[in-house]
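Novice: This is the structure, below, for whatever I ask next.
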Amino acid sequence: MTPAGSMDEGLRNELSRQGVFVVKLTDLYNWGRKNSIWPLNFGLACCAIEMIAASMARFDISRFGAEVFRPSPRQADLMIVAGTVTKKMAPQVVRLYNQMPDPKYVIAMGACAISGGPFKQGYNVLKGIDRYIPVDVSIPGCPPKPEALLHALITLQKRIESEQFAGPNPAPRLARGAPGEYPVPRLGAHDIEPPFNPEVWQPPKLVREE
Amino acid sequence: MSAAPPSAPLPAGAAIDRDLLEISLGPHHPSTHGVFRMDVVLDGERVVRLKPVFGYLHRNHEKLAEGMTYLSSMPFTDRLDYFCSMTNNWAYALAVEKLAGLQVPDRAQYIRVIVGELTRLLNHACLIGFLTHDMGAMGTPLMYAFREREKILDLFESLSGSRMMCNYMRFGGCRVDLSPAWLQAARKVVDDFPRFLDEFDALLTTNEIVMTRSQGVGILPRELAINASVTGPMLRASGVDYDLRKVDRYGIYDRFDFRVPLGEHGDVYDRIMIRFLEMRESLTILRQALREIPPGPILDPKSKLRGFRPRAGEVYGRIEAPKGELGFYLVSDGSPNPYRYRVRPPSLINLTILEDMCLGQLVADAVIILGSVDIVLGEVDR
Amino acid sequence: MEPLEQLRARAEASVPGAVLEIVPNACPADPPSLRVDPGHALAVAWFLRDDPQLRLDYASNVTGVDWPETVTKEKARVKRMVDGVVKEFETVVEKRRPGFLEAVYHLYSMELKQGPVILRQRTGDRDRAVTVASLTPVWRGAEFQEREIYDLYGIRFEGHQDLRRLLMWEGFEGHPMRRDYVEPDDYDYEPTPHADVLEKARKHYPAPPAS
């Protein structure tokens with residue numbers, strides 16, 4: 001844990017040897033949160049099988065406190081977008097994300113969820129879920145091995161641990177004007193509309209070298 | 001079962017009475033095994049209409065394949081039925097070999113049988129795990145099945161470099177040869193598997209809850225099964241003796257001694273039992289194949305990885321994948337890309353009779369009837 | 001399995017008015033196919049299913065193929081009078097094959113364990129006359145596959161009970177598996193050397209003015 005406020009390091013160590021732990025409330029809160037992440041039981045495609053494998057005996061995601069897969073978004077903290085998001089499915093994914101209570105996190109698992117992956121050229125494939133919702137951790141791979149998912153989870157835990165609620169750098173979701181809900185795209189005549197959420201994602205600015 | 005009066009099925013397009021309840025199961029629902037949706041109309045607890053809705057994982061596999069070379073589609077076939085990449089590879093390789101007239105050497109045929117039957121083992125074990133999960137055995141049988149799956153995936157990983165997406169077969173053979181150490185490891189997995197299977201069998205087949213939940217539920221009559229093009233364990237559970245390993249004798253399946261288990265009632269319980277018995281038959285095939293595998297080349301010398309242009313024409317190749325008949329229909333115009341590339345997905349076609357099986361059943365049973373069909377959405381929607 | 005010629009003769013004898021054509025297959029691994037006119041397709045299908053020698057009770061694979069209009073150029077020699085003398089000229093003759101859509105059925109027999117017999121139906125063109133007969137009344141297994149063809153190729157199946165889109169959403173326009181389908185532009189740049197992707201990227205990210 002991060003040192004508690006301005007307390008003297010030596011005194012704190014001395015106290016902890018005596019069995020007295022002095023921490024900031026924020027740190028205690030984050031410590032609890034990071035070790036009890038409840039993922040949404042939400043599989044889209046191939047990567048979902050590796051996600052299930054991560055929760056099974058060999059990889060055992062419960063070592064990190066994240067084994068409680070919840071079927072309902074209302075009870076979930078973490079959405080693991082495991083697989084190809086098609087255009088037909090994208091509105092539902094955004095809606096599920098909107099239904100999750102704050103604080104909530106997203107792991108984009110696998111190449112498809114990041115960018116469309118091998119199916120990128122397909123007419124019904126969304127080129128990355130980050131076009132509509134903010135993504136915290138991306139895991140490359142097709143599919144990523146369960147170890148990679150565990151690594152992503154630990155990365156996310158580190159992020160949660162260092163989250164601040166006040167002060168100069170609060171968590172982005174606490175910033176003034178942060179959206180509570182993200183607009184759900186509609187299924188249009190040829191494509192989903194709008195093709196991306198400009199608040200979350202912009203087409204890459206390309207600098208051509210010629 | 002219970003003596004409640006049967007509810008009359010609701011014809012398609014009929015208005016929904018205010019006493020009926022229309023619910024949408026999916027596309028995000030823990031029981032639908034992925035992004036599949038059923039629009040269900042209920043009379044109390046009983047299903048009076050059930051319309052499946054597809055396309056939530058339609059990844060345009062066929063369209064993409066028309067824009068790339070024949071070999072480039074091979075890794076995409078892995079992602080059709082993502083439990084069984086080896087058999088998907090095999091079906092596609094078989095179709096292209098028919099088209100191009102390639103001969104697969106003996107050793108490669110044996111390797112294909114070995115990895116194909118290992119795939120069947122892991123698919124059936126996981127399916128039973130998922131199905132009992134749907135029945136309320138939360139996780140435990142699934143945990144056992146995935147433990148065994150990991151052992152088989154270790155074999156696949158050391159052979160092909162990838163756990164799930166093996167991309168292992170090539171037109172006219174296989175990509176890399178087996179090592180003696182691999183064969184030894186495979187023999188150990190095959191020798192250990194019956195212990196798991198006996199344990200699994202003892203836990204589930206005579207389990208009272210499994211029997212009550214699955215016997216007499218979701219009955220599929222023999223004639224309807226044939227007429228609706230149902231294939232695989234679903235068809236054989238309804239008592240139809242049609243296994244492509246015996247009918248087409250593709251590859252070298254005529255060299256092995258094995259039986260085709262058949263069901264009597266065509267209910268969910270029979271479908272579970274068929275899969276148990278098929279696993280045992282797969283083990284006998286595996287033992288024979290691991291014993292008899294000859295040395296030799298693993299790739300047809302005529303096969304070309306680069307500049308592969310099969311002759312013009314059309315061909316349909318099919319194999320007995322763990323879920324049913326997996327076929328590839330290819331139309332070639334002599335160019336390096338297929339003119340038309342079509343996957344015959346057993347999972348999608350086996351769902352044709354989902355409504356027929358569910359009508360009049362409890363909505364909780366509709367979930368396990370769907371589970372017993374054994375679908376993978378990557379293959380249903382492609 | 002009886003030869004296809006004989007099968008065709010028996011089917012034509014049993015279904016009055018049906019005209020079946022044997023479509024050759026350049027690949028020797030699979031048999032040639034039978035093309036049936038949509039008007040008699042249903043009756044022929046019933047015959048194929050119920051004939052005791054055939055018993056094709058299992059429609060395995062049902063799929064569509066798109067054949068857009070093609071123009072092939074062939075060289076021909078033409079005689080013409082030039083200044084009172086007959087001279088031979090070489091000209092290029094354009095051969096135009098009108099476009100059509102095709103539904104292909106692979107039929108097997110589970111009872112007699114034989115097959116396949118490949119049945120084809122063709123539409124008149126690719127825009128208006130796109131109706132063929134649905135064979136779902138004969139084989140239930142064709143139900144979803146015919147819906148898929150309707151969705152992705154736009155062939156209408158006369159007699160299908162529930163002809164809706166299967167994979168794409170309701171309200172989607174166009175038939176994406178057709179060869180001339182243009183997918184929506186998604187403002188994406190992909191660092192792969194596919195010519196059409198690069199072309200798209202060049203359009204979205206024009207070169208900076210030379211300074």
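Novice: Among the numbered criteria (1) at pLDDT 90 or above; (2) closer than 26 Å to C:L20 by Cβ; (3) within 9 Å of another protein chain (Cβ to nearest Cβ), which one does C:D151 miss?
Specialist: The failed condition is (2).
Novice: With the checklist (1) at the interface with chain B (Cβ under 10 Å from one of its Cβ atoms); (2) open to solvent by 30 Å² or more (accessible area, probe 1.4 Å) in hand, flag the one item A:P101 doesn't pass.
Specialist: Here A:P101 clears every test but (1).
Novice: Filter segment A:102-129 down to the residues that are within 13 Å of the chain's Cα centre (by Cα), in a loop (DSSP other than H, G, I, E, B) and not acidic (D, E) and list them by number.
Specialist: Result: A:P103, A:K104.
Novice: State whether the residues of segment C:94-111 include one that is open to solvent by 50 Å² or more (accessible area, probe 1.4 Å) and within 30 Å of C:R140 (Cα to Cα).
Specialist: Kept after step one, since they are open to solvent by 50 Å² or more (accessible area, probe 1.4 Å), are these residues of segment C:94-111: C:94-98, C:111.
This time we only want the ones that are within 30 Å of C:R140 (Cα to Cα), so: C:111.
Yes.
Novice: Hey, another quick one. For segment A:2-77, give me every one of the helices (runs of 4 or more DSSP H) that falls completely inside it and has 3 or more residues that are of a type in the set (S, T, N, Q), without any contact (Cβ under 8 Å) to a residue 12 or more places away in the chain and at the interface with chain B (Cβ under 9 Å from one of its Cβ atoms).
Specialist: Those helices (runs of 4 or more DSSP H) do not exist here; none qualify.
Novice: Filter segment B:59-82 for residues that are among the aliphatic types (A, V, I, L, M) and open to solvent by 30 Å² or more (accessible area, probe 1.4 Å); which is farthest from the other protein chains (Cβ to nearest Cβ)?
Specialist: B:L71
Novice: Further, regarding this structure: Output the residue which, of all residues in segment C:73-82 that are open to solvent by 70 Å² or more (accessible area, probe 1.4 Å) and in contact (Cβ under 8 Å) with a residue 12 or more places away in the chain, is nearest to the chain's Cα centre (by Cα).
Specialist: C:K73
Novice: Here's another thing I want to ask about it. Kindly indicate the residue of segment B:332-382 that is open to solvent by less than 10 Å² (accessible area, probe 1.4 Å) and hydroxyl-bearing (S, T, Y) and also nearest to the other protein chains (Cβ to nearest Cβ) among those meeting that condition.
Specialist: Applying the filter and picking the extreme gives B:T352.
Novice: Restricting to segment C:99-113, give me the number of residues that are farther than 24 Å from C:Y153 by Cβ, of a type outside the set (A, V, I, L, M) and at the interface with another protein chain (Cβ under 9 Å from one of its Cβ atoms).
Specialist: Matching residues across segment C:99-113 total 2.
Novice: Going by the structure shown, is C:P16 at pLDDT below 90 and more than 27 Å from C:T131 (Cα to Cα)?
Specialist: Spelling it out, it is not the case that C:P16 is at pLDDT below 90 and more than 27 Å from C:T131 (Cα to Cα).
Novice: Go through (1) within 10 Å of another protein chain (Cβ to nearest Cβ); (2) open to solvent by less than 10 Å² (accessible area, probe 1.4 Å) one by one and return the number of the condition A:G110 breaks.
Specialist: (1)
Novice: Then there's this: Name the residue, out of B:L203, B:L220, B:L262, that is within 14 Å of another protein chain (Cβ to nearest Cβ), open to solvent by 10 Å² or more (accessible area, probe 1.4 Å) and either among the aromatic types (F, W, Y) or in contact (Cβ under 8 Å) with a residue 24 or more places away in the chain (or both). Steps first, answer last, please.
Specialist: Working: B:L203 fails: within 14 Å of another protein chain (Cβ to nearest Cβ); B:L220 fails: open to solvent by 10 Å² or more (accessible area, probe 1.4 Å).
Result: B:L262 is the single residue among B:L203, B:L220, B:L262 that is within 14 Å of another protein chain (Cβ to nearest Cβ), open to solvent by 10 Å² or more (accessible area, probe 1.4 Å) and either among the aromatic types (F, W, Y) or in contact (Cβ under 8 Å) with a residue 24 or more places away in the chain (or both).
Novice: How about segment A:114-139: which of its residues are away from every other protein chain (no Cβ under 13 Å) and among the polar types (S, T, N, Q)?
Specialist: A:S138, the sole residue that qualifies.
Novice: Ok, one more. Could you list, in sequence order, the residues of segment B:224-241 that are within 11 Å of chain C (Cβ to nearest Cβ), surrounded by fewer than 24 Cβ atoms within 10 Å (Cβ to Cβ) and either assigned to a loop (DSSP other than H, G, I, E, B) or modelled with pLDDT under 90 (or both)?
Specialist: Matches in segment B:224-241: B:V240, B:D241.
Novice: Continuing with this model, one more query. Applying the selection to segment B:141-171, what residues are of a type in the set (D, E, K, R), closer than 19 Å to B:V190 by Cα and either part of a helix (DSSP H, G or I) or open to solvent by 20 Å² or more (accessible area, probe 1.4 Å) (or both)?
Specialist: Within segment B:141-171, B:R147, B:E148, B:R149, B:E150, B:K151, B:D154, B:E157 qualify.
Novice: Sort out for me the strands (runs of 3 or more DSSP E) sitting completely within segment C:75-194 that have 1 or more residues that are of a type in the set (S, T, Y).
Specialist: C:85-97, C:100-109, C:131-133
The values are calculated or read from the model by the stated rules, or taken from the named source; none is laboratory data. Small disclaimer: the values here were computed from a predicted structure and weren't measured. Don't worry about glycine lacking a Cβ; one is built from the backbone with ideal geometry, like all the others, and counts go over all protein chains shown. Keep in mind that these areas ignore ligands, DNA and RNA; they rest on the heavy atoms of the full protein, side chains included. Shrake-Rupley method; radii C 1.70, N 1.55, O 1.52, S 1.80 Å.
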